[in-house]
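Everything on this sheet refers to the single structure shown next.
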Amino acid sequence: MDHAHEHQHQHGHEPAHHRPGHGGWAMAAKATLHCLTGCAIGEVLGMIVGTALGWGNVATMVLAIVLAFVFGYALTLRGILAAGVDPRTAFRVALAADTVSIAVMELIDNGVIALWPGAMDAQLSQALFWIVLAVSLAAAFVVTTPVNKWLIGRGKGHAVVHPYH
């Protein structure tokens, strides 16, 4: 009897946010993927524009990071606005949800590119550029997913978006 009671205590009275499927890895991965898509669009666009304008590495990277934030927020905003939230609230929610996520992602992503020998000088036409970009985005995804899971678990990050989905 005692053992059965203990078992029920362990599994029956868990807080909602600890139950599997609620704010778990799937939600964190989905939130990260959203973010990653926006970051990837921004990065590639920044690289293309920077290269086309003949900018240096630093200017191109800054543009890529700015665009990554813009597109990262835009994808989240689109989802929140679709739920019928007013733009001001939606923007605040997107900012709260994605700032840390995008910042971590950009740090890892650009860190990989900056540290990879020859990657900074690789042109868009070279396979190396796309390989490094793919590896850096994959690394960013792997690092950012647990960050998002932790934020969601604490009621921050994409947890603030969840009510609007």
Heavy-atom accessible area ranking, 1.4 Å probe, most first, across SER136, SER125: SER125, SER136
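Determine Rg/Rh for the range 107-150; Rg is computed over alpha-carbon atoms and Rh is the Kirkwood hydrodynamic estimate from the same atoms.
Numbers: Rg = 11.5 Å, Rh = 10.8 Å.
Using only Cα positions, Rg/Rh for the range 107-150 is 1.07.
To the nearest whole percent, what portion of all C-alpha pairs in the range 18-85 is separated by more than 16 angstrom?
Working: 1282 of 2278 pairs.
Distances greater than 16 Å cover 56 percent of the Cα pairs.
Evaluate E = 1/(1 + (r/R0)^6) for ALA29 and ALA52, where r is the Cβ-Cβ distance and R0 equals 25 Å; express this FRET efficiency to the nearest 0.05.
On the way: r = 34 Å, r/R0 = 1.35.
Approximately 0.15, to the nearest 0.05.
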Accessible-area ranking of ILE80, ILE108, largest first, probe 1.4 Å: ILE108, ILE80
Whole-percent carbon and sulfur share, accessible surface of the range 66-144, 1.4 Å: 74 percent
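From largest accessible area down, sort PHE129, PHE141; use a 1.4 Å probe on the protein chains. Kindly include the intermediate steps, with their values, before the conclusion.
Details: PHE129 20, PHE141 60 Å².
Ranked list, largest accessible area first: PHE141, PHE129.
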With 10 Å bins from 0: P(r) over the range 47-136, alpha-carbon pairs, percent: 16, 40, 26, 15, 2
With DNA, RNA and ligands ignored, accessible area of TRP25 (1.4 Å probe; Å², nearest 10): 140 Å²
Alpha-carbon centroid distance for the pair the range 125-144 / the range 31-89, whole angstrom: 16 Å
Extended-chain gain in nm, criterion 0.36 nm per residue less alpha-carbon gap, VAL143 and GLN126: 3.5 nm
In Å², nearest 10: area of THR60 left accessible to a 1.4 Å probe: 10 Å²
For the range 42-50, Karplus couplings with θ = phi - 60° (6.51, -1.76, 1.60), whole Hz, Gly/Pro x: x, 4, 4, 4, x, 5, 5, 5, x
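The values are calculated or read from the model by the stated rules, or taken from the named source; none is laboratory data. Source: prediction; values computed, not measured. Neighbour counts run over all protein chains shown; Cβ positions are idealised from the backbone, glycine included. Surface areas here come from the heavy atoms of the whole protein model, side chains and all, with no ligands, DNA or RNA. Shrake-Rupley method; radii C 1.70, N 1.55, O 1.52, S 1.80 Å.
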